[in-house]
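The next block holds one structure in the form of structure tokens; read it before the comments.
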Amino acid sequence: MSELIAIDTNILIYLHDTISINKRTTAEEILAGRPKISNQVLSEYLNVTRRLLKLSKEDLLIQTAELFSKCDFIPVLPNTLFLASALVKQYQFQLFDAIIAASALERECDVLYSEDMHHGLKINKRLTIINPFL
């Protein structure tokens, strides 16, 4: 059985990196694995790439829909926020990181790829944070 993976926004931003080709390649490989993407990650991605890519709103939405067409999106619901609250208390996560981790837990992911969370941390004995660039 293959691992279920979730992905943090910072990994997706490297899809557009023109300087670090290795990081871009790694991000492309992770995306090819059809990761689970939290609605929180989608919102952050759109916010950052709107400035980074300088696309019109319409073109950015189309580009994003095409890029993530094979990914499974995870809605952020009230239960997600309750779980995120528990993660903030237990692991001292930042607000948005807690929502992303809670979303991954709800979708029963095994791995959350993130460059800026604690590499190797196992959350609730189920979800492991991995920095794929180490």
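Taken together, the values in this text are just the output of simple stated rules run on the coordinates, not laboratory data. This structure is a prediction, so every number in the text was calculated from the model and none was measured. Cβ placement follows ideal geometry from the backbone for every residue including glycine, while neighbour counts extend to all protein chains displayed.
Straight-distance candidates among the lysines for linking to Lys57, with alpha-carbon spacing under 30 Å and chain neighbours fewer than 8 residues away dropped: Lys23, Lys36, Lys70.
Under 5 Å from the amide H of Leu112 lie the amide H atoms of Ala6, Thr128, Ile129, Ile130, each residue being 5 or more positions distant or on a separate chain, with H modelled from the backbone and absent for Pro and chain starts. The angle between the Cα long axis of helix 21-32 and the main principal axis of the chain comes to about 70°, on a 0 to 90 degree scale. Computed from Cα positions, the angle between helix 39-53 and the longest principal axis of the chain comes to roughly 30 degrees.
Translational diffusion coefficient of the chain (Stokes-Einstein, Kirkwood radius from Cα pairs, 20 °C, 1.002 mPa s): 143 µm²/s.
Once the other residues with Cβ under 15 Å from the Cβ of Asn22 are scored (Lys, Arg +1; Asp, Glu -1), what is the net sum? Working shown, then result.
On the way: positive: Lys23, Arg24; negative: Asp17, Glu28, Glu29, Glu115.
Combined, the nearby Lys, Arg, Asp and Glu give -2.
Cross-link partners for Lys89 among the aspartates and glutamates, with Cα-Cα distance under 17 Å and sequence neighbours closer than 8 places in the same chain left out: Asp97.
Tell me the mean residue ellipticity at 222 nm calculated for the chain from its helices only (DSSP H runs of n ≥ 4, each -39500 (n - 2.57), averaged over every residue, nearest 500). List each step's numbers first, then the result.
Values: 6 runs with 69 residues, N = 134.
So the helix-based figure for the chain works out to -16000 deg cm²/dmol.
For the pair Ala32 and Glu3, how long in nm is the line joining their label points, each one 7 Å along Cα→Cβ? Placing both labels 7 Å along Cα→Cβ, they lie 1.7 nm apart.
3J(HN,Hα) along the range 84-97: 4, 4, 5, 5, 4, 5, 6, 10, 6, 5, 5, 3, 5, 4 Hz, from the Karplus curve 6.51 cos²θ - 1.76 cosθ + 1.60 with θ = phi - 60°, whole Hz, x for Gly and Pro. When both the range 12-51 and the range 62-134 are represented by their alpha-carbon centers, they are found 14 Å apart.
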